[in-house]
Structure formats: C-alpha cells, structure tokens
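Colleague: Okay, handing you the structure first.
The values are calculated or read from the model by the stated rules, or taken from the named source; none is laboratory data. Owing to the predicted nature of the structure, the values given are computational and were not obtained by experimental measurement. Note that we place each Cβ from the backbone using ideal geometry, even for glycine, and neighbour counts take in every protein chain shown.
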Amino acid sequence: MCQVCCRRSPQPRISRAQFLKLVGLATAGMAVTAGCSGGEPTPTGPGGRLLIDNVRGLTMTSDGPLEFSSLLVEADGRVGGLDVGNAGGAQRIDGRGRVLVPGLHDAHGHFGQLGATLSQLDLSGTRSLDEAMRALRDFAAQHPDRPWVLGRGWNDVVWGLGRLPTAADLDAVVPDRPVWLVRVDGHAGVANTAALRQIGITRDTPTPPGGNVVRGPDGTPTGAFVDAATDLVEGHLPKPTTEDLKQNFLAAQRKLNEVGLTSVSDAGTSAAELAVLHQLAASGELTIRTNSFLSYDAYRELGAQARGDSFADDMLRVRTVKLYIDGALGSHGAAMLQPYSDDPGNAGLPQLDATELRNRVTQVMRDGFQVATHAIGDAGNRMVLDAYEAALAEVGSDLRHRVEHAQVLSLEDIPRLRAHGIIASMQPVHATDDMNMAEDRVGPERIAGAYAWRTLLDQDITIASGSDFPVSSENPFDGLHAAITRTDREGKPVGGWYPQQAMTPHEALRSFTLDAAFAAHQEKVLGSLEPGKWADFVLLDQDPLDPPPGRARWQTRALQTWVAGRRVGEYGDL
C-alpha cells in the first residue's frame, strides 16, 4: 500500500459569498458556544475543577518524557498542573491506575472522506478478486436504490492479480448500474461498463496530463483509471449535500475519538467542508480538533480570508494549503528519478511541472499559508524541495512547511529538510502496508531512502506521524506499533522490516503528540499535558509503549477520551 492522499470525492460548489455567509452565521454564535460542548457531562468540583488521580501518566515535553500520577484540570478546560500538592477542592476522579497520555494527533488524515466511506463498500480486507466481487454483488443487492455503487480499498498486489481490475470483472456481478471502486491508495479506480457508458468514456477519450486511462490492445479503455484520469469518473459521481457533509464529519469523529484521537490534520478540505466545520465548531458539536489543509481549489475559491490560527478555542485551525506533485507507489504513479525497477518504461506521473509547482508554492507562502505538498517518489520530493527553497528565497516565510509522505527520498536530499526546517509528515503504518511491494518498485539501492524514519530523526528532522486514513487504519496504536517494531499486526516479518529504521517508543509517542502539534503550529496549546495547554487526554487499557506479556502495542484500547477537560467518549470500564 502507498502513503498517499485520497483524491477528493465530488463536493458541492460554494461561492465566496456563500462561504462568508455560512461562516458569519457560525462565528456569530461562538461567544456562547465555543469550546468542546459536544462531550458527555463531567462532574466537577468548586469552580468546575477536576483532579484526574491515581493514573500512570506520561507526556512528551521539549525536555523529554514526563511521568505523573495526577492531572489537575481547570474550569476552562486547560491543564492546571501535574502532581499538584493542593488541588483546591477539585472534584476527584479515580483513574484506577490506568495509563493516561495526551490525546493523539493524526498528522495526515482525510476527515470527511473517512465519514463518507463508512457508507460505502469496504474492500480493504479482501484477499482476492473473487472475494471482492462477491462482496460487491452482496453490497449492491443490499442497496438497490443507490444510483451508483461506490466502494474503496481494493489492492491488486494483495490479490496477487498481476494487473488492475477491469470493467469486465465488475460487469460479471453488477451489470445494470454504475459502479466505481477506488484503490486502497486513492490514486486509481475501476468503473464498470454501465459507468463508462453513462459518463461517455470511449476509445476516443483523451488521457489527461498526469493520469493514465488504462487501455486494451485496441485502445479501448479497460475501466481502470490512474491518478488525474480518475477525475474523468469522479466528476460525475453524485454530489453530497451540506447535510451529508455534516453527517460524514460526525460519523468520522466518533470513530476517531474512539481510538484515542483528539486532533487531526485534515489533508485536503474543500470550501464546502470548511463551512460545515465552522458550523460544527461554533455549535460545540466538533469533538476533534481539526487543522484544515485547504485543497488548492478551496484556496483559489476563498483566498487569504479563510485563514485563522484559532476558531472556537482551538477547535479549528485554517492556515495550510495542500498541493500534489505526484501519484502513488502502488499504482506506479509516484514520480521517480529513474524508472521503476519492476516497470522499466515508467518513471511515474508528475501532476505539475516544476514551474507551475514553484508558482503555486510561492503564491501560497506569499498569502501567509503553510504549504503541505504530497510527494511520494524521489523525483517528486526533489521537485518539492526545489520549489520550497526557491519560494523561501523569494518571499520568505515564518511558517514550517511540510512534505506529506516523504516516502522515497534520495539520500542526498534528506539534509535539505533540516536546512529549511521542513517537516516530514509520514505515516508509519504504510511501511508495513507497503513492504509487500515497495522494494519491487524501487529496488535494493533506493529502498535505503524509503520509509527512512531513523535516518531522518538522526539528522534532527521533525517527523509528524499520521495514518492517511481511510487509506490505512485510523487507529494511532497501529501506527505506534509499526513505528516501533516495523512489523504488521501479526508480528511479521520477525525482527521487523528494515528494523534499523525504527523509532524508539518515546519518539513514536512524540511523533503522534507534540511533534504533530508542532507541525500544525499548535505546540503552545496542544501536544503535551503541561500547565496552560488544553486538557486533551486519553485513558488506556495498557501501556502502548511497554505492553504486558501476550499483548501487542496495536491492541491498546482507549477507555475514555477527553477534550478540553470534558469526556467526549467512554468505551470501557476503568
């Protein structure tokens, strides 16, 4: 599997005037509704203060790990102190010896997309084309009224198929209405014949720049589309309503809170989605802090007026723009300096030329936004670093810019991240997801700069960890497990895949907490449990850094999730 960003599903268009009207209505109510009021009522003592006592607390700070046994929460939802001698009559809550850590922050996920996929066909667990087609047949039968059958998560590598699926494969089980199934990495998809016919895709349909319309020997599209070519289909999918977007966010945040996440960097927010997030933040319905990366389309629609470091007591931040330079490793779309080892005629699919990338980066920096650019291949990463260096020299910027994924780097390019303070936003689960094909794609020499966490950390480069959900599991303990062990859930391969690149347990926790907040310019208010910061924390059923015998790190469960000193979810007995 590849560390990649989901291509955006169709969104309702929203004008600048509509956005400002919606945001104006939302922010008008913030004075009375700001903060996290969507959680469960929590008993409080005099002045609304709480003492979470009898815990095994651990937080990463700029000075290193800090352990504690009690946490004082002030009435405003911020940390009052750790192991305070006098709690001043605060209401005591017995933590029953459970492990308490800061709420985890997924530094790269797709918030609304996760919610949307919950109502679609999930093919992520299928092990063969036949199994996937049975699931498609059953799902279509269960949803006869849907005009399109939508799904995602298939992986031709896991299937051992040796090719991308085709319209003919889908036609065998659903011939009568359009079907669109997105690959696990979000950078390829397959449509059935009914979909191709409805859209009007034929042998004469041109291949768009930065994409691939897979064709048979006679030039007829097979039904598979890669990277920019997927827009030929996705532009025709049913568009969600504003209420759909709201319900997507609410469904997604329930899943995210349940696995111990209290913050997410949303890697590609549309203008319509941002308006909904403003409304949810203002009403107190948002229970996961959201650092929104505007999609490039949203940035062009809204401009600098969308910026804001903190809305609704840090529940929403909008100061980043998301760009793309290449595709995915799994579908041979990542831009490589030399052709793929297993596809010698192909060096990937750059989405922009160097001049256009530089122009976009320069304009985004000039408008006061952080730039976060998707780059998978070593050529893609080099193009991004070149563009950042040129833009910084031209306009300057006091923000920390990011490379999203930084998956395959030329070893000579790695020091350039440190030289310019560039954040490596990486996804530990993808190393273990991708180990079934990564070295086939890049060969034994280039793999030295792939998923190279230890190499980056040893050069003092900040890694902000995420998952790229729904591409991979949204559970951060899967990510911690992969970061520390370099193995999958089954403990394979024994000893870890290139184990010399593993993180230490404390580094892994920091990458999902303090360093993820640092990458979002929120380290002064989030990321650690220190006085004055928000009391965002989770109580766990085991120590994820040192689990008991017979238990793996990924098996860690959140028992309670708290945001701004309010319990937003309870999932088991303490």
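Colleague: Please pick out the residue among P350, P339 that is surrounded by fewer than 17 Cβ atoms within 10 Å (Cβ to Cβ) and on the phi < 0 side of the Ramachandran plot.
Modeller: P339
Colleague: Only one of these conditions is not met by E507: (1) free of Cβ contacts under 8 Å to residues at least 24 places away in the same chain; (2) among the acidic types (D, E); (3) more than 27 Å from D156 (Cα to Cα). Which number is it?
Modeller: (1)
Colleague: If D488 meets every condition in (1) surrounded by 21 or more Cβ atoms within 10 Å (Cβ to Cβ); (2) touching a Ser or Thr at 6+ places or on another chain (Cβ under 7 Å); (3) among the charged types (D, E, K, R); (4) within 30 Å of V182 (Cβ to Cβ) apart from one, which number is that one?
Modeller: (1)
Colleague: Sticking with this one: Report yes if D231 is farther than 17 Å from R146 by Cα and within 23 Å of the chain's Cα centre (by Cα), otherwise no.
Modeller: The answer is yes for D231.
Colleague: May I pose another question? Counting just the residues of the range 103-143 that are touching a strand residue (DSSP E or B) at 6+ places or on another chain (Cβ under 8 Å), of a type in the set (A, V, I, L, M) and not in a loop (DSSP other than H, G, I, E, B), which one comes out nearest to R254 (Cα to Cα)?
Modeller: Ranking the candidates gives L104 first.
Colleague: Additional query: Quick one: which of L58, L104 is under 29 Å from the mean Cα position of the chain (by Cα) and under 19 Å from R567 (Cβ atoms)?
Modeller: L104
Colleague: Would you mind listing the strands (runs of 3 or more DSSP E) fully within the range 211-292 where at least 2 residues are within 29 Å of P544 (Cα to Cα)? Even if it seems obvious, please write down each step before you answer.
Modeller: On the way: elements: 211-215, 221-227, 261-269.
Filter on the range 211-292 gives 261-269.
Colleague: Only one residue in D398, D413 is in a helix (DSSP H, G or I) and among the acidic types (D, E), so which one is that?
Modeller: Testing whether each residue is in a helix (DSSP H, G or I) and among the acidic types (D, E) leaves just D413.
Colleague: May I pose another question? Name the residue that is surrounded by the most Cβ atoms within 10 Å (Cβ to Cβ), counting only residues in the range 544-566 that are farther than 17 Å from D313 by Cβ and of a type in the set (D, E, K, R).
Modeller: The extreme case among them is R553.
Colleague: In the range 144-197, what count of residues is obtained for those that are part of a helix (DSSP H, G or I) and of a type in the set (F, W, Y)?
Modeller: Of the residues in the range 144-197, 1 are part of a helix (DSSP H, G or I) and of a type in the set (F, W, Y).
Colleague: In addition: Looking for something basic (K, R) and more than 30 Å from E570 (Cβ to Cβ) - is there at least one such residue anywhere in the range 285-298?
Modeller: no
Colleague: Output the residues belonging to the range 92-123 that are surrounded by fewer than 19 Cβ atoms within 10 Å (Cβ to Cβ) and either of a type in the set (A, V, I, L, M, F, W, C) or in contact with a Pro (Cβ under 8 Å, 6 or more places away or on another chain) (or both).
Modeller: Matches in the range 92-123: L118 only.
Colleague: For the subset of the range 258-286 comprising residues that are surrounded by fewer than 24 Cβ atoms within 10 Å (Cβ to Cβ) and touching a strand residue (DSSP E or B) at 6+ places or on another chain (Cβ under 7 Å), which member is farthest from A517 (Cα to Cα)?
Modeller: Here the residue is E258.
Colleague: How many residues does the range 287-302 hold that are crowded, with 23+ Cβ neighbours inside 10 Å and either in contact with a Phe, Trp or Tyr (Cβ under 6 Å, 6 or more places away or on another chain) or charged (D, E, K, R) (or both)?
Modeller: Result for the range 287-302: 1.
Residues checked against (1) in contact with a Gly (Cβ under 8 Å, 6 or more places away or on another chain); (2) within 19 Å of A519 (Cα to Cα):
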| residue | (1), (2) |
| --- | --- |
| D343 | no, no |
| Q370 | no, yes |
| A375 | no, yes |
| D378 | yes, no |
| G396 | no, yes |
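Colleague: Within the bounds of the range 554-569, is there any residue that is of a type in the set (D, E, K, R) and in contact with a helix residue (DSSP H, G or I) (Cβ under 7 Å, 6 or more places away or on another chain)?
Modeller: no
Colleague: Another question, if that's okay. Tell me, please, whether a residue that is modelled with pLDDT of 95 or more, in a loop (DSSP other than H, G, I, E, B), touching a Gly at 6+ places or on another chain (Cβ under 9 Å) and over 29 Å from H332 (Cβ atoms) can be found in the range 447-467.
Modeller: Yes: one or more hits.
Results for (1) at pLDDT 95 or above; (2) under 18 Å from N192 (Cα atoms); (3) of a type outside the set (A, V, I, L, M), shown as yes or no for each residue.
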| position | (1), (2), (3) |
| --- | --- |
| P209 | no, no, yes |
| V233 | yes, yes, no |
| P238 | no, yes, yes |
| T241 | no, no, yes |
| G260 | yes, no, yes |
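Yes/no per residue for (1) touching a Ser or Thr at 6+ places or on another chain (Cβ under 7 Å); (2) of a type in the set (A, V, I, L, M, F, W, C); (3) modelled with pLDDT under 95:
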residue: L280; (1), (2), (3): no, yes, no
residue: Y299; (1), (2), (3): no, no, no
residue: H332; (1), (2), (3): no, no, yes
residue: A375; (1), (2), (3): no, yes, no
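Colleague: State all residues of the range 70-91 that are assigned to a strand (DSSP E or B) and either loosely packed, with under 15 Cβ neighbours inside 10 Å or within 32 Å of the chain's Cα centre (by Cα) (or both); if no residue qualifies, say none.
Modeller: Selection gives S70, L71, L72, V73, R78, V79, G80, G81, L82.
Colleague: State the number of residues belonging to the range 461-483 that are among the hydroxyl-bearing types (S, T, Y), surrounded by 24 or more Cβ atoms within 10 Å (Cβ to Cβ) and more than 13 Å from R402 (Cβ to Cβ).
Modeller: 2
Colleague: May I ask you to say which residue of T320, T355 is of a type in the set (S, T, Y) and surrounded by fewer than 20 Cβ atoms within 10 Å (Cβ to Cβ)?
Modeller: It is T355.
Colleague: In the range 505-516, what count of residues is obtained for those that are closer than 12 Å to T61 by Cβ and either part of a helix (DSSP H, G or I) or modelled with pLDDT under 95 (or both)?
Modeller: Our first condition is that a residue be closer than 12 Å to T61 by Cβ; within the range 505-516, this holds for 506, 509-510, 513-515.
Still in the list and also either part of a helix (DSSP H, G or I) or modelled with pLDDT under 95 (or both): 506, 509-510, 514-515.
So the count comes out to 5.
Colleague: Looking only at the range 161-181, count how many residues are within 27 Å of the chain's Cα centre (by Cα) and either touching a residue at least 60 places away in the same chain (Cβ under 8 Å) or surrounded by fewer than 19 Cβ atoms within 10 Å (Cβ to Cβ) (or both).
Modeller: Going through the range 161-181 one residue at a time, the tally reaches 2.
Colleague: List pairs: first residue in the range 376-387 and in contact (Cβ under 8 Å) with a residue 24 or more places away in the chain, second residue among the polar types (S, T, N, Q) anywhere in the structure, Cβ distance under 6 angstrom, at least six positions apart or on different chains.
Modeller: Every condition considered, the pairs that remain are I376/Q407; D378/S410; V384/T373.
Colleague: Quick check on this structure: which one of A419, A431, A520, A450 is buried (at least 18 other Cβ atoms within 10 Å of the Cβ) and either more than 30 Å from G345 (Cβ to Cβ) or touching a Pro at 6+ places or on another chain (Cβ under 9 Å) (or both)? Talk me through it step by step, then tell me what you get.
Modeller: On the way: A419 fails: buried (at least 18 other Cβ atoms within 10 Å of the Cβ); A431 fails: either more than 30 Å from G345 (Cβ to Cβ) or touching a Pro at 6+ places or on another chain (Cβ under 9 Å) (or both); A450 fails: either more than 30 Å from G345 (Cβ to Cβ) or touching a Pro at 6+ places or on another chain (Cβ under 9 Å) (or both).
The match here is A520.
Colleague: Considering the range 458-507 alone, what residues qualify as being in contact with a Phe, Trp or Tyr (Cβ under 9 Å, 6 or more places away or on another chain) and among the acidic types (D, E)?
Modeller: Of everything in the range 458-507, those that are in contact with a Phe, Trp or Tyr (Cβ under 9 Å, 6 or more places away or on another chain) and among the acidic types (D, E) turn out to be D478, D488, E507.
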